[in-house]
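Worksheet: one structure, shown below.
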């Protein structure tokens, strides 16, 4: 009768955190860390996990690569629309703020990065990206958490995750605070659209759900104040431009609020955030469209961080990474499917200026991984190790064993900061 | 146990055991906990039949305080309140504040005891390996609704279900009817305790006392609801005079007061309040047998074919479809009449009815069923009453059905546009907390088994995060239904 025994499915502690987060900016940092802040000389690192498989070929379109336009067809970012980085690469037109940073040497791209595992399942690939392990299901804590442990085993370096629950990347022994911008920000932004699809043939649920969404959209518009307490609204068609603007404002607000935590004397030096909605199997769009909207939010979030950090921006590195890239070819539904290599974005005043990080494998037919994906030239662990060692001061031995287990052979990328 | 089960099962194609297991666990039961579908698949009908046990349903409450104790505490509170009100009239503000404290404390105690009872019941539902038994019990709890919307009943809903309903859900309907009616919970809810026969000695005594004028009359509420809701039904062919006559029979059925220490808070028959004389209810004459007069009426009501029709329709509607197949209702009715309302046999008849196993899931889950089945999917249970607050948001406030009719059972009531959006919001919050450490594809298989459609399986597999995957599963058309 083991099934009668109480299980660990209880929600108590975490959902109380959720409730506290939803009620406002209730947040507590464990311990005192005035001296820890001094140790790090104010250095800060923000990791944004872009969930769903962010399409690197749209984030930093290689418009100068001769095969790009042919592979991508209608969803290729046109050369004259891309925001120019160098002779080969541009940035997606929605990434205006990040492009402005690049102009000052404060943003770089790693256009062909991947985690060490070749899983094409979102869950497994996100696990690998976040645990820092070489394969799936090998550890249940996140590399960012273990980096915090390595920095200060006494627990005096502060970490913060944004969202009701800790993302895997920051889960583990080191105590991390969490803050949530409000209950509405918790869910998948795609859920309303996905459920609308699931209910399509359901005579009871389809009309009721559609009506419910319309009412909800009206209520959202009525109460939207573009403050930090609102999250990017779900994209459900209609009034798209207004929705995008509202979402950008909300994302910028979240960025500023998080930055506000970070610049406090005992604020967090390490922050993890999630951005969702990158699984663009259909109608992903090009210079405009579904993916452009998600990127506009991401751009606003990063710019909000920059604004909020003020002078501290010069001591900060922000890295955006995704679990995998997408197929090099457009698919039959105007989208792309799960792939391998993708773009990581590096931003921050602490960056050294420079070109792309890692080599560009090109999109030649024989250069594609398994004939379909951007071939990875950078192991994500190498990039993270480089940032943790040179920017945050984690020592190489801890990086090779504790933070990224069994990764002696993966050398940190040097010269990023 | 399974008369007829084998030959009917033979009519279903071989290899449908998995489908039957999914139906047994989700439609008859409360949703699958991990591994439950595999267990049921050995013998789906037998799995259900084994849950039908003479001792009745499980008792969920952690606190086994008798309802009589709760009623006594409530009475004490009411006296405190009366004293406080007098004090408010007589004295200055400062003293009133002091005097008010025990009242506030008592109210809090009432709320807390009700919350604990409800949490215990939800935990039982989330964890029991006998989901059919619990659903059957919940059906009868809702049939004999005691709602906690009144302060006087809030504290006794849990004990009422535990003492009157649960032990008898597989016994004879007649016993269930009489035990429920005689319980302080139902008497408080439907105003029976104060009902006094107009020609009884108690009425005459009260009439002589000036301050009691206007009190101490006949209350028809309980009698009417027994006829309309609990037995023959609104089309049962009774008249207003039948209601009044039955109410007169019931006079004297009451609750012991503080000065009746051995009976305080429990059923008592007050001879002095009982309307003297013979009564005629629905064409039948009942001699004045005191406490047995109302019981005799109830025995006849329980045996009425109209009650069988009313109740079997309601059972079929709850378990199978908002518009149940007439052949199913007829089969249940036949068993009911042949066995004199033996609920064990009626439950077996339901399990053995082919109509109950239709592949199409036609029942839309109530919020309570949806939340409970979500916890079952993850093999968990609600840790605190706060986690059930969502039921209020979703329109099913704990222990507070809107009327003596109980919670509605139709999809049209629960699948409203705003309710769906609110369910989605709850599902997202729930998934954000519980999904990260779980495998969504495995959860989809263990939750729905053969009922999992390829469309939903694909959507879950393609989700971009675990919380999104679990949200899709818990909001899928097949999970919202049973």
Review point. Assigned to a helix (DSSP H, G or I) and in contact with a helix residue (DSSP H, G or I) (Cβ under 8 Å, 6 or more places away or on another chain), is that true of residue B:409?
Key: no
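Matching residues to (1) in contact with a strand residue (DSSP E or B) (Cβ under 7 Å, 6 or more places away or on another chain); (2) facing chain A (nearest Cβ under 8 Å); (3) farther than 26 Å from residue A:137 by Cα:
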{"site": "B:409", "(1), (2), (3)": "no, no, yes"}
{"site": "B:412", "(1), (2), (3)": "no, no, yes"}
{"site": "B:417", "(1), (2), (3)": "no, yes, yes"}
{"site": "B:420", "(1), (2), (3)": "no, yes, yes"}
{"site": "B:424", "(1), (2), (3)": "no, yes, yes"}
{"site": "B:438", "(1), (2), (3)": "no, no, no"}
{"site": "B:451", "(1), (2), (3)": "no, no, yes"}
For residue A:52, the lone unmet condition from (1) assigned to a helix (DSSP H, G or I); (2) crowded, with 23+ Cβ neighbours inside 10 Å; (3) at pLDDT below 95 is (1)
Taking first residues from the range A:65-79 that are at positive phi and second residues anywhere that are in a loop (DSSP other than H, G, I, E, B), the pairs with Cβ under 8 Å that are 6 or more apart or on different chains are A:73/A:330
Among A:302, A:319, the single one that is in contact (Cβ under 8 Å) with a residue 40 or more places away in the chain and either in a strand (DSSP E or B) or under 20 Å from residue B:468 (Cα atoms) (or both) is A:319
If we keep only residues of the range B:410-422 that are touching a residue at least 60 places away in the same chain (Cβ under 8 Å) and surrounded by fewer than 18 Cβ atoms within 10 Å (Cβ to Cβ), then the residue nearest to residue B:482 (Cα to Cα) is B:410
Margin query: Looking at the range B:451-463, can you tell me whether even one residue there is out of contact with any helix residue (DSSP H, G or I) (no Cβ under 8 Å at 6 or more places or on another chain) and within 29 Å of residue B:111 (Cα to Cα)?
Written below: no
Filtering the range B:326-362 down to residues that are closer than 23 Å to residue B:477 by Cα and surrounded by 21 or more Cβ atoms within 10 Å (Cβ to Cβ) yields B:356, B:357, B:361
The correct count of residues that are touching a helix residue (DSSP H, G or I) at 6+ places or on another chain (Cβ under 9 Å), crowded, with 19+ Cβ neighbours inside 10 Å and at negative phi in the range A:352-367 is 2
Scanning the range A:144-162 for residues that are part of a loop (DSSP other than H, G, I, E, B) and surrounded by fewer than 22 Cβ atoms within 10 Å (Cβ to Cβ), the one modelled with the highest pLDDT turns out to be A:152
Note on residue A:181: of the conditions (1) within 11 Å of chain B (Cβ to nearest Cβ); (2) at pLDDT below 75; (3) surrounded by 19 or more Cβ atoms within 10 Å (Cβ to Cβ), unmet is (1)
Within the range A:372-409, of all residues that are in contact with a helix residue (DSSP H, G or I) (Cβ under 7 Å, 6 or more places away or on another chain) and without any contact (Cβ under 8 Å) to a residue 60 or more places away in the chain, the one farthest from residue A:113 (Cα to Cα) is A:396
Within the range A:88-132, residues more than 26 Å from residue A:353 (Cβ to Cβ), more than 14 Å from chain B (Cβ to nearest Cβ) and in contact with a helix residue (DSSP H, G or I) (Cβ under 8 Å, 6 or more places away or on another chain) come out as A:115, A:116, A:117, A:132
- Message: Within the range B:326-341, does at least one residue satisfy the condition of being modelled with pLDDT of 95 or more and touching a strand residue (DSSP E or B) at 6+ places or on another chain (Cβ under 7 Å)?
- Response: yes
The condition from (1) on the phi < 0 side of the Ramachandran plot; (2) part of a loop (DSSP other than H, G, I, E, B); (3) under 22 Å from the mean Cα position of the chain (by Cα) that residue A:343 misses is numbered (2)
Residue A:168 - would you say it is facing chain B (nearest Cβ under 8 Å), surrounded by 24 or more Cβ atoms within 10 Å (Cβ to Cβ), closer than 25 Å to residue A:258 by Cβ and modelled with pLDDT of 80 or more? yes
Worksheet item: What about residue B:447, is it more than 7 Å from every other protein chain (Cβ to nearest Cβ) and without any contact (Cβ under 8 Å) to a residue 40 or more places away in the chain?
Response: no
Being modelled with pLDDT under 95 and within 26 Å of the chain's Cα centre (by Cα) narrows B:266, B:295 down to just B:266
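The values are calculated or read from the model by the stated rules, or taken from the named source; none is laboratory data. Quick caveat, the model's predicted, so the values are computed rather than measured. FYI the Cβ positions are ideal-geometry reconstructions off the backbone, even for glycines, and counts take in every protein chain you see.
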